């Protein structure tokens with residue numbers, strides 16, 4: 001593919017030879033003379049001057065370099081689109097594998113691929129162009145929109161509802177029972193029926209081995225555009241707002257509410273019944289047990305304002321030194337006091 005054609009496909013301004021043949025996309029340190037790369041983080045700007053890449057995707061104001069440049073407002077997004085120009089994912093033929101078990105009352109839209117050992121329960125409804133790979137299980141009464149993509153061993157439980165363009169990676173489970181138990185008079189834990197479904201919006205991605213639990217009553221809701229990373233737990237009755245990111249190993253306890261465009265970084269924990277506002281950023285390993293107003297950035301466990309946390313962490317590293325200084329001061333004060341008593 002010629003560099004000029006790549007620029008046109010990305011809507012980028014090209015500064016360089018449009019006739020150069022491009023064969024692929026790689027990172028800035030590995031890219032060769034027939035590949036393109038990108039810079040979106042100023043940390044890597046210096047590498048653009050030494051890269052062997054044929055061209056670099058950069059912001060419009062980026063300084064001139066010896067390599068050709070593709071100038072666009074969002075280099076990272078353009079890089080992802082460039083990858084799509086060269087990477088060809090596996091193709092899945094339309095049809096139902098002979099080992100699949102599809103209940104006769106289930107409704108499957110046109111153009112679907114149903115892989116080996118898939119099980120689709122009674123009265124399930126799946127929209128057009130689904131790609132359902134081996135060992136996926138769709139329970140009774142589940143309703144799924146168009147362009148559903150479920151990788152091997154994903155599960156959608158009974159009566160859950162998924163929108164259009166939902167992707168479930170390997171082992172993702174939508175609608176497993178929430179963690180609800182009550183003690184009886186004998187002091188034993190009895191299971192509380194989890195009667196409410198999980199409801200997933202459009203363009204939602206749920207990564208490998210993540211769980212969105214069903215609700216005790218009502219529904220667990222994940223809004224349009226949400227991205228849920230590997231090993232995430234969304235507890236029963238929780239709500240996650242539009243375009244929010246929930247990163248690896250994070251956990252939302254039951255009835256948590258997270259607003260729109262929030263980012264929960266890796267290993268964040270949110271206690272039950274807490275409300276996290278729109279645009280909130282919780283940095284890695286933050287622990288939140290209180291409501292957080294919109295627009296805040298919190299760190300630590302218990303979590304508090306990020307700037308204060310950064311200063312506190314810097315001070316924490318100096319505690320041994322400060323303890324020694326305090327010990328010396330206390331000893332000096334004791335000596336001074338003894339000296340005064342002898343006067």
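FYI, it's all coordinate maths here, none of it is from the lab. Given the structure is predicted, the values throughout are model-derived calculations rather than measurements. Cβ: placed from backbone, ideal geometry, glycine included. Neighbour counts: every protein chain shown.
Taking only Cα atoms and a 10 Å spring cutoff, compute GNM fluctuations for the chain and point out the largest among 326, 264, 162.
Fluctuation is largest for 326.
Among the DSSP beta bridges whose two residues both lie in the range 3-86, what percent are antiparallel, rounded to the nearest 5? Walk me through the intermediate numbers first.
Working: 3 of 12 bridges.
Expressed as a percentage, antiparallel bridges in the range 3-86 total about 25.
Test of understanding: what is the full-extension gain from residue 224 to residue 323, defined as 0.36 nm times their sequence separation minus their Cα-Cα distance? Show your work: numbers first, answer last.
Details: separation 99, 0.36 × 99 = 35.64 nm, distance 5.15 nm.
Between residue 224 and residue 323, full extension yields 30.5 nm more.
So what are the three principal axis dimensions of the range 198-245 from its Cα atoms, in whole Å, longest to shortest?
25, 20, 12
Rg (Å, one decimal) plus Dmax (Å, integer) for the alpha carbons of the range 189-272?
11.8, 38
How far is the Cα center of the range 37-94 from the Cα center of the range 238-270, in Å?
Here the answer is 30 Å between Cα centres.
Using 1/(1 + (r/R0)^6) with R0 = 22 angstrom and r between the beta carbons of residue 285 and residue 314, what's the FRET efficiency to the nearest 0.05? Each step should come with its number before you reach the end.
Values: r = 17 Å, r/R0 = 0.78.
Given R0 = 22 Å and the Cβ-Cβ separation, E is 0.80.
For every helix of n ≥ 4 consecutive DSSP H residues, a contribution of -39,500 (n - 2.57) applies; sum these over the chain, divide by its total residues, and give [θ] at 222 nm rounded to the nearest 500 deg cm²/dmol.
Details: 4 runs with 56 residues, N = 343.
Only helices count here, giving -5500 deg cm²/dmol.
Compute the relative contact order of the range 3-86 as a whole-number percentage, counting only Cα pairs closer than 8 Å that sit 6 or more residues apart in sequence. Can you show the working numbers first?
On the way: 164 pairs, mean separation 24.9, N = 84.
Reported relative contact order: 30 percent.
When only Cα pairs under 8 Å and 6 or more residues apart are kept, what is the percent relative contact order across the chain?
6 percent
Just 79, 316, 149 to compare: in a GNM of the chain, with alpha carbon springs under 10 Å, which one fluctuates most?
Looking only at 79, 316, 149, the largest GNM fluctuation is found for 79.
With the chain treated as a Gaussian network of Cα nodes joined by springs under 10 Å, which of 290, 151, 113 yields the largest mean-square fluctuation?
Between 290, 151, 113, it is 290 that shows the largest mean-square fluctuation.
Can you classify the chain as rounded, prolate or oblate using the Cα gyration tensor, where a ≥ b ≥ c are the square roots of its eigenvalues, rounded means a/c under 1.5, and otherwise it's prolate if a/b beats b/c and oblate if not? Provide the component values of the computation, followed by the final result.
Values: a/c = 3.03, a/b = 1.17, b/c = 2.59.
Oblate shape, in that a/c is at least 1.5 and b/c is the bigger or equal ratio.
Using R₀ = 56 Å, calculate the FRET efficiency as 1/(1 + (r/R₀)^6) where r is the Cβ-Cβ separation of residue 74 and residue 116; round to 0.05. Don't jump to the answer; show the numbers that get you there.
On the way: r = 40 Å, r/R0 = 0.71.
So, using R0 = 56 Å, E works out to roughly 0.90.
Could I have the simple spin-label model distance between residue 96 and residue 5, label points 7 Å from Cα toward Cβ, reported in nm to one decimal?
Taking the two extended label points, one gets 4.0 nm.
Mind giving me the nanometre distance, one decimal, between the label points for residue 335 and residue 183, set 7 Å out from Cα along Cα→Cβ?
5.8 nm
Could you tell me the largest-minus-smallest coordinate of the C-alpha atoms of the range 3-86 on each of the three principal axes, in descending order and whole angstroms?
28, 24, 21
Between residue 103 and residue 64, what is the spin-label point distance in nm, taking each point 7 Å from the Cα along the Cα→C-beta axis?
The answer from the label model is 6.8 nm.
Determine, from the Cβ-Cβ distance of residue 170 and residue 307 and an R0 of 56 Å, the FRET efficiency 1/(1 + (r/R0)^6), rounded to the nearest 0.05.
In this case the efficiency is close to 0.90.
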